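The values are calculated or read from the model by the stated rules, or taken from the named source; none is laboratory data. These numbers come from a predicted model, not from an experiment. Don't worry about glycine lacking a Cβ; one is built from the backbone with ideal geometry, like all the others, and counts go over all protein chains shown. Only protein heavy atoms, including side chains, enter the accessible area calculation; ligands, DNA and RNA are left aside. Shrake-Rupley method; radii C 1.70, N 1.55, O 1.52, S 1.80 Å.
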Amino acid sequence: MTSRVIPVVPFVLVVFGATGDLARRKLLPAMFHRDMAGQLPEAAKIIGTARGKLTTDVFIALARESIIEHVPADERNEADLEHFIARLDYRAVEADGDGGWQELTQTLTPYRERVNVFYLATGPALFGPICERLGRFGMAHANARVVVEKPIGKNLESAKELNAAIGKVFPEDRVYRIDHYLGKEAVQNLMALRFANGLFEPLWDAAHIDHVQITVAESLGVEGRAGYYDTAGALRDMVQNHILQLLCLVAMEPPARLDADSVRDEKLKVLHSLKPIADALSTQAVVRGQYRAGASAGGAVRGYLDELGAETSTTETFVALKAEVQNWRWAGVPFYLRTGKRMPERVSDIVITFRPPPHSVFDASAGPIEANKLVIRLQPDEGVKLWLMTKDPGPGGMRLRSVPLDMSFANAFQVRNPDAYERLVLDVVRGNQTLFMRRDEVEAAWTWIEPILEAWSNAADLPKPYTAGTWGPSAAVALIERDGRTWLDGGA
């Protein structure tokens, strides 16, 4: 089976921060893959911008190196690479100054009738200055759209300020706040599983679901990002955006239509329904941890403080929490969320655990009946497992065993699994905001997160230590086991 490729209209993609890690590791390879698939029109053009006074030839050489490094050899060839780099151009632009803006304006003038996508692959401190200059130099016209990466602020106040700065120049229907988790195939398949099958939606409520687990685990440490990470932490870096977005997709009501605002309206209702975690609950419902020296990938690794080069830090590299959605559908169903660095493996999944049958007709010799589980694996191998009880084959009586119906997207469809950025960037060109966060979503998420941050800032205790290569501090185990449940480490 081959995937259906839908071409997009001619466009110009302008990448601010085009020599940075995000552009080189994700954006340029993503656009190369879409070009190879025949999805980019011949007239499509990509312009890199950065502060560096590079020539276009030097930028093209950097882009070539990036694609060779990040695209496997069996997924590229020289002819396609030459075809792609012919689309590239470069302009030196000062994001927080006026240098280079006039030249960029002149470069884009012939393309004003096309879709102009301005991708801000920079730090959030530059979002406002770049948008202000896009407006002042006449580039924020009706065909222009702006894409911004997380983090959208460090708290509610800064998020509002950042949204206001962007909103002064671009109306909300032309602002795309990107969360690459929403572009993953498995996340979108969650929508298909719920709303395209009569099997699941009638069971998608508190009467049939016991609890939900969402895990986003990373085996790496902070690497060279320790300075940035120490100002953020796991709650800001992962929970406020990625994990809450996944929770919303699991918990939201069926939208009237699958258009952007209908979907985002339902996600917003979930965020507004989250039970607040204030001071009194913060020690019961939230665990924060920080990794110490241990082992990962078969070798010894340093602890967070060693990587940071500091004697102490209150920044969490792990967080686990128990969330509750206070509405009729989900009353009494806990959502256990966790994320951390230096975990035993890199894995992201959503586990829906259903309630067990109310009565067993089998005698004790059949063995225990395990609850059915729906496991949606986001990474590394995107797919879906539905765990069911079946009879063990063979004579000798009834013996029950839990086995999965296992669907790997790569095996089921025999196609390469596109990176999330491939889909999301072209959704911007199409003008489809369904997989992007709306301003009120971002601010509602911060409204729920901020009391936890405030409780931590007032607490005397430090994050609980855990050994690198483990699943976090023991308090995270106690968080779920005192409810009579257990973490499904590495999925199920």
Of Leu27, Leu190, Val115, which is farthest on the positive side of the dipole of the chain, counting Cα position, with +1 on Lys and Arg Cβ, -1 on Asp and Glu Cβ, and the Cα centre as origin? Leu190
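Quick one: if the Förster radius is 25 Å, what FRET efficiency do Leu462 and Gln284 give, using the C-beta to C-beta distance and rounding to 0.05? Intermediate results must be reported in sequence, preceding the final value.
Numbers: r = 18 Å, r/R0 = 0.73.
With a Förster radius of 25 Å, E is 0.85.
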Tell me the relative contact order for the chain as a rounded percent, counting alpha carbon contacts under 8 Å between residues six or more apart. 18 percent
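What GluC sites (Glu not before Pro) does segment 1-100 have in DSSP loop regions with at most 13 other beta carbons within 10 Å?
Working: sites: Glu42, Glu65, Glu69, Glu75, Glu78, Glu82, Glu94; in loops: Glu42, Glu94.
Answer by residue number: Glu42.
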Any idea what angle helix 260-273 forms with the longest principal axis of the chain, computed on alpha-carbon atoms, 0 to 90 degrees, nearest 10? 50 degrees
Putting +1 on Lys and Arg Cβ atoms and -1 on Asp and Glu Cβ atoms, find which of Val429, Ala232, Leu249 reaches farthest to the positive end of the dipole of the chain. Leu249
With DSSP loop assignment and no more than 15 other C-beta atoms within 10 Å, the trypsin sites (Lys or Arg not before Pro) in segment 121-219 are Lys168
How far, in degrees from 0 to 90, does helix 185-195 lean away from the longest principal axis of the Cα atoms of the chain, to the nearest 10? 60 degrees
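Over the Cα atoms of segment 182-322, Rg to Rh with Kirkwood Rh, two decimal places? Write out the running numbers ahead of the final one.
Details: Rg = 18.5 Å, Rh = 17.8 Å.
Expressed as Rg/Rh, it is 1.04.
From the protein chains alone at 1.4 Å, what is the descending order of accessible area for Arg76, Arg342, largest first? Before the final figure, lay out each step's value.
Numbers: Arg76 70, Arg342 20 Å².
The ordering from most to least exposed comes out as Arg76, Arg342.
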How long, wide and thick is segment 63-123, going by the Cα atoms along their three principal axes, in whole angstroms, largest first? 42, 29, 16
Potential extension, Arg355-Ala206 segment - 0.36 nm per residue separation minus Cα distance: 52.7 nm
Go from 0 up to the bin containing the longest alpha carbon distance in segment 247-331, width 5 Å each, and give me the % of pairs per bin. 3, 12, 15, 13, 12, 11, 10, 11, 9, 4, 1
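Compute the length gained on full extension between Leu258 and Val58: take 0.36 nm times their separation in residues and subtract their Cα-Cα distance, giving the result in nm to one decimal. Present the calculation step by step, with values, prior to reporting the outcome.
On the way: separation 200, 0.36 × 200 = 72.00 nm, distance 4.33 nm.
Here the answer is 67.7 nm.
Output the direction-averaged projected area (hull surface divided by four) of the convex hull of the alpha-carbon atoms of segment 107-197, in nm². Can you show the working numbers first?
Details: hull surface 30.9 nm².
In nm², the orientation-averaged hull projection of segment 107-197 is 7.7.
If you build the convex hull over the alpha carbons only and average its shadow over all orientations, what do you get for the chain? Give it in nm² to one decimal.
On the way: hull surface 103.4 nm².
For the chain, the mean projected area of the Cα convex hull comes to 25.8 nm².
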Given the convex hull of the Cα atoms of segment 1-133, what is a quarter of its surface area in nm²? 8.6 nm²
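Segment 157-242: Rg/Rh from Cα coordinates, Kirkwood Rh?
Numbers: Rg = 18.1 Å, Rh = 16.9 Å.
A ratio of 1.07.
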What is the angle, in °, between the Cα long axis of helix 127-136 and the longest principal axis of the Cα atoms in the chain? Nearest 10 is fine, range 0 to 90. 40 degrees
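Charges only on Cβ, +1 for Lys and Arg, -1 for Asp and Glu: so what's the dipole of the chain about the Cα centre, in debye to the nearest 20?
So the magnitude is around 400 debye.
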Using protein chains only and a probe of 1.4 angstrom, how many square angstrom of Asp21 are accessible, to the nearest 10? 100 Å²
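Equivalent ellipsoid semi-axes for segment 34-90, as square roots of 5 times the alpha carbon gyration tensor eigenvalues: give them largest first, rounded to whole Å.
Values: eigenvalues 80, 43, 14 Å².
Equivalent ellipsoid of segment 34-90: 20, 15, 8 Å, largest first.
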